[in-house]
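Step one of this worksheet: look at the structure below.
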Protein chains: 2
Amino acid sequence: MNARDIIIAKRDGFRLTDEQIDWFIAAYTADEVADEQASALAMAVYFNGMEPTELARWTSAMIESGQRLDLSGLSRPTVDKHSTGGVGDKISLILVPLVAACGAAVPQLSGRGLGHTGGTLDKMEAIPGWQAQLPPDRMRELLDSIGGVIAGASADLAPADRKMYALRDVTGTIESIPLIASSIMSKKIAEGTDALVLDVKVGRGAFMADFAAADELARTMVRLGNDHGVATSALVTRMDDVLGRAAGNALEVQESLDVLAGGGPPDVVELTLALAEEMLVLAGLDGNPAEVLASGEALAVFEKMVSAQGGSLDAGIPVAEYRETITAAEAGFVQSVDARRVGVGAWRLGAGRARKEDSVSATAGIMCLAKPGDQVAAGEPILELHADRPELLEPVAELVASSVSIGPDAPPAQSIVIERILAPSLPQSP
Amino acid sequence: MNARDIIIAKRDGFRLTDEQIDWFIAAYTADEVADEQASALAMAVYFNGMEPTELARWTSAMIESGQRLDLSGLSRPTVDKHSTGGVGDKISLILVPLVAACGAAVPQLSGRGLGHTGGTLDKMEAIPGWQAQLPPDRMRELLDSIGGVIAGASADLAPADRKMYALRDVTGTIESIPLIASSIMSKKIAEGTDALVLDVKVGRGAFMADFAAADELARTMVRLGNDHGVATSALVTRMDDVLGRAAGNALEVQESLDVLAGGGPPDVVELTLALAEEMLVLAGLDGNPAEVLASGEALAVFEKMVSAQGGSLDAGIPVAEYRETITAAEAGFVQSVDARRVGVGAWRLGAGRARKEDSVSATAGIMCLAKPGDQVAAGEPILELHADRPELLEPVAELVASSVSIGPDAPPAQSIVIERILAPSLPQSP
């Protein structure tokens with residue numbers, strides 16, 4: 001076996017053999033294959049793709065590069081959710097305690113944000129005292145007792161993916177459906193969950209800008225999950241406008257608390273309930289998530305989750321010192337709130353990071369005071385910028401001023417969920 | 001400027017801008033762009049190619065990464081030759097002194113061999129005492145006085161190419177026509193020659209196995225040379241069978257001496273004269289290379305070249321201690337002598353290197369005692385293996401036994417030159 005022959009085979013359009021895949025991933029993880037060889041292979045995969053059985057093996061090899069957690073023997077069925085990331089996507093903060101309150105164990109191992117979409121850990125860390133790292137034994141204990149855990153993934157969960165993702169990031173090889181699918185699924189499968197619901201976002205604020213690519217990614221991941229014994233289904237969901245009103249770490253925690261308390265923006269509630277219903281089906285649990293959410297039980301679980309990891313909600317969620325309001329230039333109905341622009345704006349205000357070693361601001365971000373369909377008067381506030389450093393407000397205000405478009409008529413209402421892709425063993429929707 | 005954006009632009013099929021190209025090559029040469037980024041870009045070029053003006057700029061940037069020699073002011077016009085490499089290709093050893101004897105200055109800066117085709121420097125080093133390295137001033141002096149120089153290229157001739165080629169070699173990105181063309185032409189243009197004839201070989205013993213690819217490579221390089229002010233033309237030539245009878249360093253020097261003395265295999269003479277005629281046209285010189293070769297003047301120039309670099313032909317050319325003969329299994333006409341098999345055989349006997357830091361044997365190699373068209377009797381010797389280490393003979397004998405195919409009828413005679421591609425300023429052949 002040598003790396004060059006494997007690169008050339010993929011370059012020339014061949015299916016890599018199981019032996020080639022196993023050897024390459026193991027040797028790359030052990031630093032025996034050079035980065036320049038792995039990036040050349042990644043680029044060849046970008047152009048020539050992978051067949052389903054080839055990709056399944058590739059994913060297996062990524063899982064085998066580290067530990068696969070064993071969550072068997074819990075008193076609750078395990079089910080998790082993964083989102084491909086969007087602006088204002090705080091769904092995990094609500095969904096994990098909600099599904100736990102319905103009787104499942106949700107082992108959500110998460111990452112930090114990079115670029116214009118935030119990471120779940122960054123959001124949770126806006127809660128004073130909350131710690132992302134949990135020893136495996138303690139995680140099991142909490143899954144059994146409380147049911148919900150949000151924590152950082154340990155370094156020995158699919159280490160090949162960790163190394164490969166950092167490489168792809170600097171070599172222009174992120175945007176490959178098989179490589180994206182195997183990266184996400186190797187981590188989620190290694191996490192040990194029995195079931196998984198994927199939220200694959202599509203639109204101008206998402207990683208996937210067009211439906212065909214999002215649909216292909218979702219189907220590829222659903223197949224990979226089920227092939228590896230994880231009951232997996234997916235929702236393809238809209239990410240053109242900011243999800244909810246808040247984009248920024250503490251701002252999103254506050255909005256999540258609002259939803260857990262029975263309020264919050266309707267689109268956040270809609271998506272949370274849709275994902276919760278899918279998760280309960282896969283976990284084999286009955287239960288009405290809307291009722292559980294309204295009852296306050298999910299909020300109680302969230303409070304337990306926070307305090308189990310050292311956090312406290314007693315003093316409230318921190319807010320930024322500096323703010324600036326942007327007003328509507330004209331009267332009319334809000335047509336859209338451009339998620340990418342707002343996401344980039346929140347990032348520049350300090351909510352996100354450009355490089356993985358950067359730190360983030362807990363309080364920086366943007367509140368969308370107007371949502372699509374809202375009627376506004378000229379001069380009415382539509383966006384509120386939050387920052388720790390006042391000099392960041394002005395340039396971002398210019399950037400995001402045009403992110404809210406206003407027209408004379410109310411836009412058509414749109415459902416967040418565009419498509420459901422069910423696990424093959426379950427009945428398909430008509 | 002950053003490397004990732006440039007890789008993505010090429011991956012997505014865009015023409016790189018002049019600024020992107022200049023920045024990338026300069027930064028890569030300065031170790032500011034990582035190898036894993038350069039290999040990803042090379043793979044993207046493999047798939048998406050380069051437009052002619054883009055490739056010209058790429059080649060310019062490779063030249064600008066180091067020094068371009070100034071050979072102006074010599075008393076003779078400068079003209080050089082480059083071959084893409086074949087088995088038994090000792091043409092430079094005859095052609096350089098021949099064209100010098102016709103009045104040109106031939107600044108042949110060469111490399112060493114890798115894999116199954118030999119390098120001109122390795123062959124010259126089989127001559128006792130001969131040294132490849134020449135200071136630039138001494139090279140100028142010899143070009144003026146003797147006319148012919150064969151020497152090693154200095155490290156500051158297109159250093160970007162040196163670095164990039166080593167990278168491409170381990171990342172499966174050698175086989176890209178624009179990258180091959182820019183690699184060859186950046187070195188040859190930097191060498192300072194006014195004119196250049198390319199010998200682009202095609203066939204089972206060549207780097208290019210099919211005519212369409214060889215033709216495209218030849219046309220690409222002719223355009224690049226002329227765009228950079230070097231009058232360039234090309235011959236596409238056949239490389240299915242071993243060129244001449246000898247494959248191996250000392251064996252090829254001896255065969256070259258035979259041709260310079262007026263004898264030698266007809267195919268070697270035919271190709272040498274065809275290339276010499278092209279070179280004289282480009283150099284603006286009259287002269288009949290066949291007559292000059294027959295006169296012994298080229299041999300006299302070669303002797304001067306050798307002694308100017310410390311070599312001596314007085315004691316003869318060394319021969320290997322161990323030999324083994326392979327005989328014809330049946331009577332008939334030799335149909336072909338598989339250049340690749342014989343090349344690999346000579347390499348395994350010690351004539352070539354697998355890694356660039358390996359040394360080579362001066363005397364190891366294979367003599368083809370029978371050539372296509374020769375009639376042989378069963379049991380007649382057809383190949384003679386030469387080695388310094390007797391244990392290498394047996395395995396190579398097995399490998400090359402089937403390289404000579406024999407049939408009942410004489411094969412059709414074939415011209416070595418398949419196509420001529422002339423410099424655009426010169427009249428095209430009909």
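The values are calculated or read from the model by the stated rules, or taken from the named source; none is laboratory data. From a predicted model like this one, the values you see are computed outputs, not experimental measurements. Every residue, glycine among them, receives a Cβ derived from its backbone with ideal geometry; neighbour counts consider all protein chains shown. The protein model used for the area step is the full one, side chains on, heavy atoms only, and it has no ligands, DNA or RNA in it. Shrake-Rupley method; radii C 1.70, N 1.55, O 1.52, S 1.80 Å.
Bridge orientation summary for the protein assembly as shown: considering DSSP beta bridges with both residues in this region, about 55 percent are antiparallel.
If I take every Cα pair under 8 Å that is 6 or more residues apart in chain A, average their sequence separation and divide by the length, what percent do I get for the relative contact order?
Working: 952 pairs, mean separation 84.8, N = 430.
Relative CO of chain A lands at 20 percent.
Per-residue ellipticity at 222 nm computed for chain B from its helices equals -13000 deg cm²/dmol, with DSSP H segments shorter than 4 residues left out and the rest contributing -39,500 (n - 2.57).
B:PHE333 exposes around 50 Å² of accessible area when a 1.4 Å probe is run over every protein chain in place.
The string of couplings for the range B:15-29 from the Karplus curve (6.51, -1.76, 1.60, θ = phi - 60°) is 6, 5, 6, 4, 5, 4, 5, 4, 5, 4, 5, 5, 5, 5, 4 Hz, one whole number per residue in order, with x for Gly and Pro. Given +1 at the Cβ of Lys and Arg, -1 at the Cβ of Asp and Glu and no other charges, the dipole of the range A:99-237 around its Cα centre is 180 debye to the nearest 20. Excluding same-chain neighbours fewer than eight residues apart, the aspartates and glutamates reachable from B:LYS304 by a Cα-Cα span under 16 Å are B:GLU125, B:GLU141, B:ASP144, B:ASP314.
Can you work out the accessible area per residue across the protein assembly as shown, with the rest of the protein chains kept in place, probe 1.4 Å, in square angstrom? Before the final figure, lay out the partial values.
Working: 32870 Å² over 860 residues.
Solvent-accessible surface per residue comes out at 38 Å².
What whole number of Å gives the distance from the Cα centroid of the range B:52-113 to the Cα centroid of the range B:21-38? When both Cα centres are located, 26 Å separates them.
Given A:LYS10/A:LYS123; A:LYS163/A:LYS201; B:LYS163/B:LYS201; B:LYS188/B:LYS356; B:LYS10/B:LYS163, which pairs have Cα atoms separated by over 32 Å?
With Cα atoms farther than 32 Å apart: A:LYS10/A:LYS123.
For the protein assembly as shown, carbon and sulfur atoms together expose 50% of the accessible surface, with a 1.4 angstrom probe and every protein chain in place.
For the protein assembly as shown, report the % of Cα-Cα distances exceeding 39 Å.
On the way: 193806 of 369370 pairs.
That tail contains 52 percent of the Cα-Cα pairs.
Taking the average, over residues, of other Cβ atoms within 10 Å as the packing measure, peptides A:353-364, B:91-102 rank B:91-102, A:353-364 from highest down.
Using a Gaussian network model of chain A in which every pair of alpha carbons under 10 angstrom is joined by a spring, one finds that among A:ASP194, A:ASP161, A:ASP22 the greatest mean-square fluctuation is at A:ASP22. Note on B:THR327: accessible area is roughly 70 Å² with a 1.4 Å probe, heavy atoms of protein only.
Here A:TRP58 sits with roughly 10 square angstrom of accessible surface, probe radius 1.4 Å. Pairwise alpha-carbon distances in the range B:322-407 exceed 15 Å for 54% of all pairs. In whole angstrom, chain A maps to an equivalent ellipsoid with semi-axes of 35, 26, 21, each derived as √(5λ) from the alpha carbon gyration tensor and ordered largest first.
Using 0.36 nm per residue, how much length does the chain from A:ALA155 to A:LEU399 gain when fully extended, once their Cα-Cα distance is taken away? Could you put the intermediate results ahead of the total?
Numbers: separation 244, 0.36 × 244 = 87.84 nm, distance 3.70 nm.
The A:ALA155-A:LEU399 span can extend by a further 84.1 nm.
Stretching the chain fully between A:LEU285 and A:ALA26 yields a gain of 89.4 nm (0.36 nm per residue, less the alpha carbon separation). Among A:LEU299, A:SER186, A:THR327, which residue has its Cα furthest toward the positive end of the charge dipole of chain A, with +1 on Lys/Arg Cβ and -1 on Asp/Glu Cβ? It is A:SER186, whose Cα lies furthest towards the positive end. Once each part is reduced to its C-alpha centroid, what is the distance from the range A:231-307 to the range A:331-395 in angstrom? Taking the Cα centre of the range A:331-395 as reference, the centre of the range A:231-307 is 22 Å away.
The aspartates and glutamates whose alpha-carbon is closer than 14 Å to the alpha-carbon of A:LYS187, local same-chain residues fewer than 8 away aside, are A:GLU64, A:ASP70, A:ASP80, A:ASP156, A:ASP161. Remark on the range B:158-262: Rg and Dmax equal 15.5, 45 Å (Cα only).
Please work out the FRET efficiency for the pair A:GLU324 and A:GLU19, using the Cβ-Cβ distance as r and a Förster radius of 60 Å; give the result to the nearest 0.05.
Details: r = 59 Å, r/R0 = 0.99.
E(calc), rounded to 0.05, equals 0.50.
Modelled label positions at B:ARG204 and B:SER415, each set 7 Å beyond Cα in the direction of Cβ, lie 2.4 nm from each other.
Distances between copies of A:GLY229, taken at a point 7 Å out from Cα along the Cα→Cβ vector and listed shortest first: 7.0 nm.
Close amide H contacts of B:THR237 (hydrogens built in the peptide plane, cut-off under 5 Å, sequence separation of 5 or more or a different chain): B:VAL200, B:LYS201, B:VAL202, B:ILE418.
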